[in-house]
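Below is one structure, written out as structure tokens, with a few remarks after it.
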């Protein structure tokens, strides 16, 4: 993904993204590679280190969610689980609307 595409997808200013990507690159979390189709452009890629950090973050987030759910009564957990299909439908509808409006 190019920095401009990333800025658009996150709905952030290109300068903000550029500065953030520079910091992430210095930390070894992203790397810039020349675009294979446009010699003037670069594409950004997550490094293996970034993927490890993300996996660790996701594991921690999952633990917190699991611990939080465990605190709820069984009936409330069941209600939440039963709501997941409706929430997924809502997410897909929002995604579709964003695409229709050109807000990818």
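Coordinate-derived values only; no laboratory data. Predicted, not measured: the structure shown is a model, and the values here were computed from it. With ideal geometry, Cβ positions are generated from the backbone for all residues, glycine too; neighbour counts draw on all protein chains shown.
Relative to the longest principal axis of the C-alpha atoms of the chain, give the angle of the C-alpha long axis of helix 48-71, reported between 0 and 90° and rounded to the nearest 10°.
20
Mind pulling the angle between the C-alpha long axis of helix 74-100 and the longest principal axis of the chain? Nearest 10 degrees, somewhere in 0 to 90.
Helix 74-100 sits roughly 30 degrees off the main axis of the chain.
Angle between the Cα long axis of helix 14-26 and the longest principal axis of the chain, 0 to 90 degrees, nearest 10?
Once rounded, the angle reads 90 degrees.
For the residue pair residue 37 and residue 11, what label-to-label distance in nm results when each label sits 7 Å from Cα along the Cα-to-beta-carbon direction?
For residue 37 paired with residue 11, the spin-label model returns 2.6 nm.
Whole number please: convex hull volume per residue, Cα atoms of the chain, in Å³. It would help to have the intermediate numbers written out before the result.
Details: hull volume 15.2 nm³, N = 104.
For the chain, the hull spanned by Cα atoms encloses 146 Å³ per residue.
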